[in-house]
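One structure below.
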Amino acid sequence: MTARIIDGKTIAAELRAQVAGEVARVRRDHGLTPGLAVVLVGNDPASEVYVRSKHTQTQAAGMASFEHKLPAEVSQEHLLALIAKLNRDPTVHGILVQLPLPKRLDTETIINAIDPAKDVDGLHPHNAGRLAGGFAALAPCTPLGCIILSKSVHTSLAGMNAIVIGRSNLVGRPLLQLLLNENATVTIAHSRSRDLAKLCAQADLVYAAVGKPEMVRADWIKPGATVIDVGINRLPTAAGKTKLVGDVAFAEVSQVAGAITPVPGGVGQMTVACLLVNTLRAACAIAGLPKPAV
Ligand code: NDP
């Protein structure tokens, strides 16, 4: 069997086009322009690339994009004061602090300072708690993207056996909650889990969010399963460059799976598209408008 490749690039482009359509509608009908503020501390090259991509895609969707670049040595008080200002700013509906932050800053305090209504990364305990309780919430973007990709293969995930490998607040835990909301039966695995291969072999849906290059092997996968690879690992090449690989051994797993996401071109493309969705939803909720059609 050769797996169907789940084309994250095309699905993300379709999602961005839907967001742009809804942004144009709320501006025309309600005079509302959703605005996203991104805060970048320091000059980590990978973070700079992500922030640039967010800026370009936010503007392309017709939203306002506000970038705040702060030096690596910025104080916690200064950063908290900026967040307080963005919380009060009526033109800003989404606030994203690019992670990771320099170690001397207290990430938890900074995330907790964001107004939950503007928490488009879905990391504030208010949103994490609401998601865990099965209530409407702003959910983290990468897990949202994983659900959309899964539903591009299966119209319903109800009753399917899913395994999520990884239990981070950013990916694994919220993905577990979103899968439960879709009525899947979910196992969540982590570094202490025993016999991962056996757990995976029972799954119709496999989500790998570990950060270990090509860890998931073909003999772990039930024939025909859908495999969503969240991992982004940079490996050095013989030519002295780097190449991206996921947490799944793509070449061999694609011979067993029914559908699989590539890296790059899979989940990564969805994350920014879902950030735009969350910003639009946050803007509509803050303005007291009905939930947008995306
Ligand atoms: P974290 O490092 O926060 O979490 C990794 C998780 O994997 C932990 O729960 C850890 O378990 C678990 N783990 C580690 N080793 C093993 C193992 N041998 N077997 C089973 N589980 C293991 O990573 P993130 O969740 O932030 O990211 C995971 C991957 O996804 C990374 O490659 C990251 O770059 C990528 N990523 C991609 C995004 C995208 O847009 N495509 C967005 C965000 C992340 P434990 O809790 O026990 O330590």
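The values are calculated or read from the model by the stated rules, or taken from the named source; none is laboratory data. Nothing here was measured: the structure is a model prediction, and the numbers come from that model. Here Cβ is always computed from backbone atoms with ideal geometry, including for glycine, and neighbour counts include all displayed protein chains. Side chains included, ligands, DNA and RNA excluded: accessible areas come from the protein's heavy atoms. Shrake-Rupley method; radii C 1.70, N 1.55, O 1.52, S 1.80 Å.
For the range 200-221, enumerate the residues that are open to solvent by 50 Å² or more (accessible area, probe 1.4 Å) and more than 10 Å from the ligand (Cβ to nearest atom).
Gln202, Glu214, Arg217, Asp219
Can you find, within the range 102-149, the residue that is farthest from the ligand (Cβ to nearest atom) among those that are more than 28 Å from Glu182 (Cα to Cα), open to solvent by 20 Å² or more (accessible area, probe 1.4 Å) and assigned to a loop (DSSP other than H, G, I, E, B)?
Arg104
Please work out if Gly240 is surrounded by fewer than 24 Cβ atoms within 10 Å (Cβ to Cβ) and either away from the ligand (no atom under 16 Å from the Cβ) or over 20 Å from His190 (Cα atoms) (or both). Full working, then the answer.
Working: surrounded by fewer than 24 Cβ atoms within 10 Å (Cβ to Cβ): yes; either away from the ligand (no atom under 16 Å from the Cβ) or over 20 Å from His190 (Cα atoms) (or both): yes.
Yes; evaluated as a whole, the condition is true for this residue.
Would you check which residues across the range 40-75 are at positive phi and assigned to a helix (DSSP H, G or I) and list them?
Passing the criteria: none in range.
Just to be sure, is Ala197 more than 19 Å from Thr155 (Cβ to Cβ), near the ligand (Cβ under 9 Å from one of its atoms) and either touching a helix residue (DSSP H, G or I) at 6+ places or on another chain (Cβ under 6 Å) or modelled with pLDDT under 95 (or both)?
Considered against the rule, which asks whether it is more than 19 Å from Thr155 (Cβ to Cβ), near the ligand (Cβ under 9 Å from one of its atoms) and either touching a helix residue (DSSP H, G or I) at 6+ places or on another chain (Cβ under 6 Å) or modelled with pLDDT under 95 (or both), Ala197 comes out as no.
So, Ala37, is that one in a helix (DSSP H, G or I), small (Gly, Ala, Ser) and at pLDDT 95 or above or not?
The answer is no for Ala37.
Which pairs turn up if I take residues in the range 2-18 that are open to solvent by less than 40 Å² (accessible area, probe 1.4 Å) and look for partners that are part of a loop (DSSP other than H, G, I, E, B) and of a type in the set (A, V, I, L, M, F, W, C) with beta carbon separation below 8 Å, at least 6 apart in sequence or on another chain?
Pairs that qualify, where the first residue is open to solvent by less than 40 Å² (accessible area, probe 1.4 Å) and the partner is part of a loop (DSSP other than H, G, I, E, B) and of a type in the set (A, V, I, L, M, F, W, C), are Ala3/Val256; Ala3/Ala257; Ile6/Val153; Leu15/Val294.
Quick one: Arg234 ticks every box in (1) touching a Ser or Thr at 6+ places or on another chain (Cβ under 9 Å); (2) modelled with pLDDT of 95 or more; (3) closer than 16 Å to Val267 by Cβ bar one, so which box is it?
(2)
Counting only residues that are β-branched (Val, Ile, Thr) and open to solvent by 30 Å² or more (accessible area, probe 1.4 Å), how many does the range 43-53 have?
Number satisfying all stated conditions: 1.
Do you know which residues across the range 163-189 are near the ligand (Cβ under 9 Å from one of its atoms), assigned to a loop (DSSP other than H, G, I, E, B) and open to solvent by less than 30 Å² (accessible area, probe 1.4 Å)?
Gly166, Val171
Answer with yes or no whether Arg192 is near the ligand (Cβ under 9 Å from one of its atoms), in the same structural domain as Gln255 (by TED's automatic domain parsing) and not in a loop (DSSP other than H, G, I, E, B).
No: the conditions fail for Arg192.
Quick check, is Thr56 outside the structural domain of Asn181 (by TED's automatic domain parsing) and loosely packed, with under 14 Cβ neighbours inside 10 Å? Let's see the steps before the verdict.
Values: outside the structural domain of Asn181 (by TED's automatic domain parsing): yes; loosely packed, with under 14 Cβ neighbours inside 10 Å: yes.
It is true that Thr56 is outside the structural domain of Asn181 (by TED's automatic domain parsing) and loosely packed, with under 14 Cβ neighbours inside 10 Å.
Select from the range 180-208 the residues that are more than 14 Å from the chain's Cα centre (by Cα) and aliphatic (A, V, I, L, M) and list them in ascending order.
Those that are more than 14 Å from the chain's Cα centre (by Cα) and aliphatic (A, V, I, L, M): Leu180, Ala184, Val186, Ile188, Ala189, Leu196, Ala197, Leu199, Ala201, Ala203, Leu205, Val206.
State all residues of the range 21-32 that are in a loop (DSSP other than H, G, I, E, B) and open to solvent by less than 50 Å² (accessible area, probe 1.4 Å); if no residue qualifies, say none.
Once the filter is applied, which keeps residues that are in a loop (DSSP other than H, G, I, E, B) and open to solvent by less than 50 Å² (accessible area, probe 1.4 Å), the range 21-32 yields only Leu32.
Any residue at all in the range 269-282 that's within 12 Å of the ligand (Cβ to nearest atom), outside any helix (DSSP H, G or I) and under 25 Å from Val49 (Cβ atoms)?
Of all residues in the range 269-282, those within 12 Å of the ligand (Cβ to nearest atom) come to 269-275.
Pick out the ones that are also outside any helix (DSSP H, G or I) and you get none.
Within the range 269-282, not a single residue is within 12 Å of the ligand (Cβ to nearest atom), outside any helix (DSSP H, G or I) and under 25 Å from Val49 (Cβ atoms).
Only one residue in Leu40, Leu36, Leu79, Leu70 is in contact with a Ser or Thr (Cβ under 8 Å, 6 or more places away or on another chain), open to solvent by less than 50 Å² (accessible area, probe 1.4 Å) and farther than 16 Å from Cys141 by Cβ. Which one?
Leu40
Applying the selection to the range 88-101, what residues are open to solvent by 40 Å² or more (accessible area, probe 1.4 Å) and of a type outside the set (A, V, I, L, M, F, W, C)?
Keep residues of the range 88-101 that are open to solvent by 40 Å² or more (accessible area, probe 1.4 Å), which gives 88-91, 99-100.
Arg88, Asp89, Pro90, Thr91, Pro100, listed by residue number.
So Ala197 fits all but one of (1) small (Gly, Ala, Ser); (2) in a helix (DSSP H, G or I); (3) touching a residue at least 40 places away in the same chain (Cβ under 8 Å); (4) under 23 Å from Ile260 (Cα atoms); what number is the exception?
(3)
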